1. Looking only at the range 298-350, filter to residues that are of a type in the set (D, E, K, R), part of a loop (DSSP other than H, G, I, E, B) and surrounded by fewer than 15 Cβ atoms within 10 Å (Cβ to Cβ); which one of those is modelled with the lowest pLDDT?
2. Suppose we keep only residues that are of a type in the set (A, V, I, L, M) and in contact with an Asp or Glu (Cβ under 7 Å, 6 or more places away or on another chain) within the range 234-287. Which one would you say is nearest to Gly177 (Cα to Cα)?
3. Can we say Leu230 is assigned by TED's automatic domain parsing to the domain that holds Met165, crowded, with 23+ Cβ neighbours inside 10 Å and not in a loop (DSSP other than H, G, I, E, B)?
4. Touching a residue at least 24 places away in the same chain (Cβ under 8 Å) and either among the basic types (Lys, Arg) or farther than 22 Å from Glu306 by Cβ (or both): is that true of His260 in this structure?
5. Going by the structure shown, is Glu89 part of a helix (DSSP H, G or I), closer than 30 Å to Gly143 by Cα and out of contact with any strand residue (DSSP E or B) (no Cβ under 9 Å at 6 or more places or on another chain)?
6. Cβ-Cβ under 8 Å, sequence separation 6+ or interchain: first residue in the range 14-28 and farther than 15 Å from Phe264 by Cβ, partner part of a helix (DSSP H, G or I). Which pairs?
7. For the range 271-293, what are the residues that are without any contact (Cβ under 8 Å) to a residue 24 or more places away in the chain and not in a strand (DSSP E or B)?
8. Would a scan of the range 52-59 turn up a residue that is part of a helix (DSSP H, G or I) and surrounded by fewer than 20 Cβ atoms within 10 Å (Cβ to Cβ)?
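The values are calculated or read from the model by the stated rules, or taken from the named source; none is laboratory data. Computed from a predicted structure; not experimentally measured. Every residue, glycine as well, gets a Cβ built from its backbone with ideal geometry; the counts of neighbours run over all protein chains shown.
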Amino acid sequence: MKILHTGDWHIGKIVNEFSMLEDQAHALEQMIALAREEKPNVIIIAGDIYDRSIPPVEAVALLDRIFNTVLLELQIPILAIAGNHDSAERLSFGSSLLNKNGLYIAGKFDKEPRRVTVEGPHGPVNFYLLPYTDPKELRHILGDEEITSHDIAMQKIIQKIKGDMVAGSINVLVAHGYITNFQEESNEEEGQAVTTAEAVITSDSERPLSIGGTDMINGRHFDCFHYTALGHLHGPQKIGNDRIRYSGSLLKYSFSETNHKKGFTLVNIDADGEVSIDHREISPRRDMRIIKGPLKELIDPATYAETNLQDYIHAILTDQEELVDPISKLRAVYPNIMSLARETNAMREESKTAASAGYKTKSKLVLFDEFYRVITGKELDDRRYTVISEVIEAVEREGNR
């Protein structure tokens, strides 16, 4: 069985007031080209098909075009679930009719997990489609008051799935959530075991599912599946081993993702249930990059000669002097600049000032001098020292009148 695992398309997403629709269309055309070449038995979308519950008309039109090409022209079944950004009700609408054309969408969770069986070269493979569902809603659906977290909810659902599994069958789960592995370590001082979560790659564009870590799900729950196709985290990665993977998002959706290698995950499951992975990178229409340096250097042709000026840019300026309208000067070179920041010591380490200790006994000039050193990493020179002294004196005179 050959599976093309994708997820987190976020069609219709707007990043820093820039519509990503054309970039998404460009990436999805590459998915279609890959499907033509590799001829997978099925394509998976592991949630967050759209970026919001009511997508714009243009986003719906793009999805319709992609689905029509895959289903009608290539005749490859699509298995999709709702993510936390999607509207479960809207995705579920007409799903029974769409099944006839090979489109299987699990929008809302019913009392029983949905199973779709697809015939592969080595026999049938069972796909369990598990759309994102808030634990509170799931507690109501299942009438189970023990469901108080995403982890407990997943345990309960997988117990149900295990009851449906047939010995010797190949089983794949499609889910959307924050999955990691939990480890127990002994704490010698307190004489008890401490549970910790393994680190995973996260990004700023992922919407939190809950507060305080209750969104975390133990990846070891999925040991009963030959492969688990995950969505939600935007960085392509495995959880423990290649049998549990995030495909990652379709594109970079924040500057915290600049180092991500976006693409599609080709999964091969042989007759014995062994899994092999092949990650195919996307060539984006525009990349998302961070540039850093003095303004004069960043707009120097020698600096940008070998780069794509159409990329989405976040610029970090290291100039110490005041600048006049730097964003316009940068935009004249980088038309798709998204954001601008000034580098300070506060960006490299937590801001610490001596003003926090004994500030009541220090003069305003000394406090400003300390503040300036922390923010700029430099000493206050004589000219600035004189100007600040005069400003403080003038303010104090005015205040004493």
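1. Quick first cut of the range 298-350, residues of a type in the set (D, E, K, R) only: 300, 306, 311, 319, 321-322, 325, 329, 331, 342-343, 348-350.
With the extra rule that they be part of a loop (DSSP other than H, G, I, E, B), the set shrinks to 300, 306, 311, 319, 321-322, 325, 343, 349-350.
Checking which are surrounded by fewer than 15 Cβ atoms within 10 Å (Cβ to Cβ) leaves us with 300, 306, 321-322, 325, 349-350.
Working: Asp300: 96, Glu306: 90, Glu321: 88, Glu322: 88, Asp325: 94, Glu349: 52, Glu350: 45.
Checked the range 298-350; the qualifying residue modelled with the lowest pLDDT is Glu350.
2. Within the range 234-287, the match that is nearest to Gly177 (Cα to Cα) is Leu250.
3. In short, yes.
4. no
5. Values: part of a helix (DSSP H, G or I): yes; closer than 30 Å to Gly143 by Cα: yes; out of contact with any strand residue (DSSP E or B) (no Cβ under 9 Å at 6 or more places or on another chain): yes.
Answer is yes for this residue.
6. Leu21/Glu58; Leu21/Ala59; Leu21/Leu62; Ala25/Leu62
7. Within the range 271-293, Asp272, Glu274 meet the criteria.
8. The answer is yes, given that some residue of the range 52-59 is part of a helix (DSSP H, G or I) and surrounded by fewer than 20 Cβ atoms within 10 Å (Cβ to Cβ).
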